[in-house]
Amino acid sequence: MSPKPLALFVKHDGQSARAALTCEYKCGNACFHEPPNTSEGAYFGDIVSGLNRRGLIKGGAAAVLAVGAASALAACGDDSEAAKTPAPTPAGTPGTGTAFTAVAPNKEDALTIPEGYDQQVVIRWGDPIFADAPAFDFDKQTAAAQLKQFGYNNDFAALMPIEGQANSYLLVVNHEYTTGPMMFRGYNKDAPTDEQIAITKAAHGMAVVEVKGEAGSGKLTPVFGKYNRRITADSEFLLTGPAAGSAFTVTGADPSGKKVLGTFANCAGGVTPWGTVLSGEENFNGYFANGDKASDPQGRVKRYGFPKGGTPNQWERTDKRFDLSQEPNEANRFGYVVEVNPWDASSTPIKHSAMGRLKHEGASIYVTGAGDVVSYTGDDEKFDYMYKFVSSRKMQSGTGASAMRHNLTILDAGTLYVAKLTGDHAAEIDGSGKVPTGGFTGKGQWIPLLETGDDGKGKSLVDGMSAAEVAVFTRLAADKVGATKMDRPEDFEANPFTGKVYVALTNNDNRAKDDKPGVDEANPRKLNKNGQVLELTDNHTGTDFTWSLLLVCGDPAAADTYFAGFDKTEVSPISCPDNLAFDPYGNLWISTDGNALKTNDGLFSVILDGPNRGETKQFLTVPKGAETCGPIVTESHVIVSVQHPGESDDATPDNPQSHWPDGGTSQPRPAVAVVWKKNGGRIGV
């Protein structure tokens, strides 16, 4: 669907657009519980606006494409104050790649794209990915069928060219969570059937699907290829690093402490330069019941926010490993960065404990000019932290088995750090979001937590904690060293041209509320409902960095928003930044989740350099009730994962609130979609 002429702003009441149903099944109502970080760590008193151009790190960039998760949000202006819809940026100027007419905010039940572009649904929940898989039938679902079909609630996506095959790719996708009331007619959330539980377990995890391009268009068609694979909540994984085999990961079913079944809550991720895919296990805590019955002498269970009583999915009813009162260590085997080799459908995926255990939004890779491998990740929780991992191993070139075996160990050896930030203008930060005299700027330090050697053994760098404790209870280690409490750090992406690192800070409506941590320059607004985007100039392998705020999101007509100094009457409103990606020209692209402006979520381009730095334009909006995930932006394609379309509190299969993507009277189905230019030209040029 192409855009209709709509007002740029829509009045709203400042509350989140996310449905309570989404909150319950996606993150276990995290926003409605007290934040689990009650540590006394130093707070961040001042941080935010234009970094200067000195000291840019030159480096070889990994081709990282990512997607993400999210939350709730913000404040808006009258139509009379509305900014103009941003016009196309002429090709050849700073901003090449953003020459499209911005899509206006809307509430359509459609994927709305700019004029001159076309779109296609690539693959949707339930579509067969194996030749022997049955066609999807909403009313005749089985777990056996779901194991051979595309999973539910697609999030992160990666598109990887198949060497030697023109127009052939691997599409690798996370399946973050399921929503029983949307999946099954007559669903009893208090007593789901055993088969329904098995179906939801099979619908989680990841999918690898071969897709073929079509000459003359941007269409991508799934095929039943040799690489196709489903990874689910019951698939076997290898746990590596200091946590592996420790007293914290041994269970009754696995005395080795290394053989883990399943991955779930897979949010964003990244593509490595050695050809694997990373995936972050984010809201894993919501899958484990009876946290109140688990022994917790050091506050470990509480710090990770495990629920009291039962869980929304109720997997504990059929599998005791999801009941902390029966198997207290099982949860310690989740919350890691997962690595999958998509080129070998029989390979065992890895969970890297050297990178810490937290609510990983994802993990993105940057390779310096010297060949050092650095990964960045955020702990997606109110008042939690930003991390990086610097590997002590270099990548081996080549695509052979020997090189892959080595490269799959790169993230098993190195040093894990957590960030501590200071601001330059603390006295000017009052919680209103007013820009300080010198902008929102500051400095930072990476504090080392854990060093893991080539033998997989760890050395704790935190007093009073063993290496295994740091690897498994990373949040507690970061608390001890006084890391800076951020407004829900989600996706990280490094600019492949400059090496600068960008961080999506989605929101935090508890900032400066009652006795909660106060504002600082990197988190400058009280009751922050709209989020911000942080820009780091990092000494990638070192411990120092500088930072600024690129965007302070929300209604451009509001005083508390900031777009890197760009004219706010010429930008699209944006709320709750979640996932980040870069296009081939060095522009940042941001997908949103939980738009507090009470219009549909979307995908936005942001120019980072030149006179138009800060220009923010909406490229697309997803259907009502949906979240925009997994943005991939190439010269010829824009790909997004459309998650939970039509998910609202009054939606049921008998009363669907969306009919996307199939239209008519169909049930809504999460799906991956692709957008391309009708004339076959380059995106945004």
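The values are calculated or read from the model by the stated rules, or taken from the named source; none is laboratory data. Owing to the predicted nature of the structure, the values given are computational and were not obtained by experimental measurement. Note that we place each Cβ from the backbone using ideal geometry, even for glycine, and neighbour counts take in every protein chain shown.
Results, tabulated for the structure shown:
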read-out	value
Any hit, segment 489-499, residues being in a loop (DSSP other than H, G, I, E, B), surrounded by 24 or more Cβ atoms within 10 Å (Cβ to Cβ) and not small (Gly, Ala, Ser)	no
Residue within segment 208-218 that is surrounded by 21 or more Cβ atoms within 10 Å (Cβ to Cβ), modelled with pLDDT of 95 or more, of a type in the set (A, V, I, L, M) and assigned to a loop (DSSP other than H, G, I, E, B) present	no
Residue list for segment 220-258, restricted to those being among the aromatic types (Phe, Trp, Tyr) and in contact with a Ser or Thr (Cβ under 7 Å, 6 or more places away or on another chain)	Phe237
Pick from segment 221-250, criterion surrounded by 18 or more Cβ atoms within 10 Å (Cβ to Cβ) and β-branched (Val, Ile, Thr), ranking: nearest to Thr178 (Cα to Cα)	Thr232
Selection count, segment 451-477, where residues are in a loop (DSSP other than H, G, I, E, B), without any contact (Cβ under 8 Å) to a residue 24 or more places away in the chain and touching a helix residue (DSSP H, G or I) at 6+ places or on another chain (Cβ under 6 Å)	2
Considering residues of segment 265-282 that are closer than 16 Å to Tyr304 by Cα and not in a strand (DSSP E or B) only, the residue nearest to the chain's Cα centre (by Cα)	Glu282
Among residues of segment 600-621, those that are under 12 Å from Pro105 (Cβ atoms) and either surrounded by fewer than 24 Cβ atoms within 10 Å (Cβ to Cβ) or of a type in the set (A, V, I, L, M) (or both), counted	1
Which numbered condition Asn285 misses (of (1) polar (S, T, N, Q); (2) assigned to a loop (DSSP other than H, G, I, E, B); (3) closer than 24 Å to Leu416 by Cβ)	(2)
Of residues in segment 564-580 being touching a Leu at 6+ places or on another chain (Cβ under 6 Å) and farther than 18 Å from Leu527 by Cα, the one surrounded by the most Cβ atoms within 10 Å (Cβ to Cβ)	Pro573
Residue within segment 155-163 that is outside any loop (DSSP other than H, G, I, E, B), surrounded by fewer than 22 Cβ atoms within 10 Å (Cβ to Cβ) and among the small types (Gly, Ala, Ser) present	no
Residue identified as under 20 Å from the mean Cα position of the chain (by Cα) and under 21 Å from Pro448 (Cα atoms) among Val374, Val367, Val340	Val374
Subset of segment 478-488 (residues that are surrounded by 24 or more Cβ atoms within 10 Å (Cβ to Cβ), part of a loop (DSSP other than H, G, I, E, B) and hydrophobic (A, V, I, L, M, F, W, C))	Ala483
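Listed here are the residues, each with its yes/no results for (1) outside any loop (DSSP other than H, G, I, E, B); (2) out of contact with any strand residue (DSSP E or B) (no Cβ under 6 Å at 6 or more places or on another chain); (3) touching a residue at least 40 places away in the same chain (Cβ under 8 Å).
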residue: Phe566; (1), (2), (3): no, yes, yes
residue: Thr569; (1), (2), (3): yes, yes, yes
residue: Tyr585; (1), (2), (3): no, yes, yes
residue: Ile590; (1), (2), (3): yes, no, yes
residue: Gly594; (1), (2), (3): no, yes, yes
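Results for (1) of a type outside the set (S, T, N, Q); (2) surrounded by 14 or more Cβ atoms within 10 Å (Cβ to Cβ); (3) at pLDDT below 95, shown as yes or no for each residue.
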position: Asp137; (1), (2), (3): yes, no, no
position: Ala143; (1), (2), (3): yes, yes, no
position: Leu147; (1), (2), (3): yes, yes, no
position: Leu170; (1), (2), (3): yes, yes, no
position: Glu176; (1), (2), (3): yes, yes, no
position: Thr179; (1), (2), (3): no, yes, no
position: Met183; (1), (2), (3): yes, yes, no
position: Gly186; (1), (2), (3): yes, no, no
